[in-house]
1. Tell me, B:Trp180, B:Trp246, B:Trp109 in order of fewest to most beta-carbon neighbours within 10 Å?
2. Can you put B:Cys167, B:Cys209, B:Cys230 in order of Cβ neighbours within 10 angstrom, beginning with the fewest?
3. Nearest 0.05, what FRET efficiency do B:Gln39 and B:Ser105 give at R0 = 45 Å with Cβ-Cβ as r?
4. For B:Asp237, B:Asp172, what ranking results if the residue with the fewest other Cβ atoms within 10 Å of its Cβ goes first?
5. Once amide H atoms are built 1.01 Å from N in the peptide plane, which residues 5 or more positions from B:Gly135, or in another chain, come under 5 Å H to H?
6. Add +1 for every Lys or Arg and -1 for every Asp or Glu among the other residues with Cβ under 12 Å from the Cβ of B:Ala171, and state the total.
7. Which ³J(HN,Hα) values in Hz, rounded to whole numbers, follow from the phi angles of the stretch B:142-151 under the Karplus curve 6.51 cos²θ - 1.76 cosθ + 1.60, where θ = phi - 60° and Gly and Pro get x?
8. Around A:Gly100, under 10 Å between beta carbons, what's the net of Lys plus Arg minus Asp minus Glu among the other residues?
Amino acid sequence: MQTYKTRAGYVVAALILSTAGLLPVSLAAQESVPVFIAIPERFPDVDARVVILREPGREIVVLNPASAGVTELGTGLSLLRRLRRERGQPTRGQMIPIVGFSRAPNLTPRDRARLETALDQLRTRPMANVGNLGRGRWLRLPDR
Amino acid sequence: MSLPRRFVPLLSAFLVAGCGHEPSTAVAVAEMHEGADLQFVIPAFSPELLMDHRGNVSDVREGFETAPASLLRPGEEEPERPDATALAAPTIWDASTDLTFHPKSLEAWAEHKYRGNKGRVEVTAFMREGGVAIGNRTGFEEGWHSWLSPFAHHVIANSIINLEKDCGLTADAQGKHEAWWEIAPGSGPSVFGKVGFSTTSGLASQPACPPTPTGGGGGGDGMSGDAAMCYIWLEYDLDSGEILDWQVIYCSGGG
């Protein structure tokens, strides 16, 4: 009887794992999309505080050098996450200028510290070409 | 006390499945790629693309117009221009600006009556949360009539802002009203007697959003328990950078 129950447990476990592998396929795929953050010396000529670019296979959060901070990065990432969930993966380029927001996103101290670390690392990166915006700095946020 | 053996595979399965679902958007800074350049193209677009303009002309173009010389037939002479001093000064009356929240949208409009053969009205809706402006959109219309027309004319423009939630936002609007005489539409020197002024709307408000849990562990979507925001949506060709589609403008209240 004990062996039977254990086997049944393995069967259920296999079902759970297979379900876990099937259902979130698109979610897992979209969450593996690399996210880049960039601070160009010249921000796009758009009336926006943050610009999000979504392309098949990657996403970029472009910050304004005049105001790049945890608030801006956190807002960009939170909208990015929502767009992934609600609009799926893009098949062509998507540009989403965030024209304004009222206050800082609701971050835990831990996530705030992570964003601050990311910004610190971004600011110490070597200068490079950042798209068609000229020189600037960029950083890939590691998958998690 | 230990767990029965039969629970072990189940717990393991839940653990593995749960870890597989951990969202990646929460930022962990561990490694980075040392690439030289980051290649992408920000598409160029005109700010006018974002304006609300239906191009409705209040009246057909009729009466006096100065035809370009290239359009005159052989032997045809350019018609005589009217005497500007003989025209009554353009005037504007019944000017107003107002706005209202609809489900999932805000509509602002401005209108006026005028005398003159051209009138223009522009309305800008300002979206706010807690007194902070978070986005705006402008719409405009122009009326265009014969200078011979003795009737009063009317022009109205509106501006629509899409909303993702029906709570938490306030809005107001400003209208700019103009009227003038223009002998040859589009030719600057023939414009005279231009008058104009502004009107403003009152404040319109959505109901407050219900409170939501705060401190969502960084996995929050930024729209729940977070700030209100406005954004624009543009789609473009990855190779040419050409704008293919756009949706202006989305706003969402916090909560």
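A short reminder: the numbers here are calculations on the coordinates, not readings from a lab. The structure presented is a predicted model; accordingly, all values stated were derived computationally and were not measured. Neighbour counts run over all protein chains shown; Cβ positions are idealised from the backbone, glycine included.
1. B:Trp246, B:Trp180, B:Trp109
2. Starting with the residue having the fewest Cβ neighbours, the order is B:Cys167, B:Cys209, B:Cys230.
3. Efficiency computed from Cβ-Cβ geometry: 0.75.
4. In order of increasing Cβ crowding within 10 Å: B:Asp237, B:Asp172.
5. Close amide H contacts, sequence-distant or interchain: B:Met127.
6. -2
7. Going residue by residue, I get 10, x, 8, 9, 5, 5, 7, 5, x, 7 Hz, with x marking Gly and Pro.
8. Every neighbour counted, the sum reads 0.
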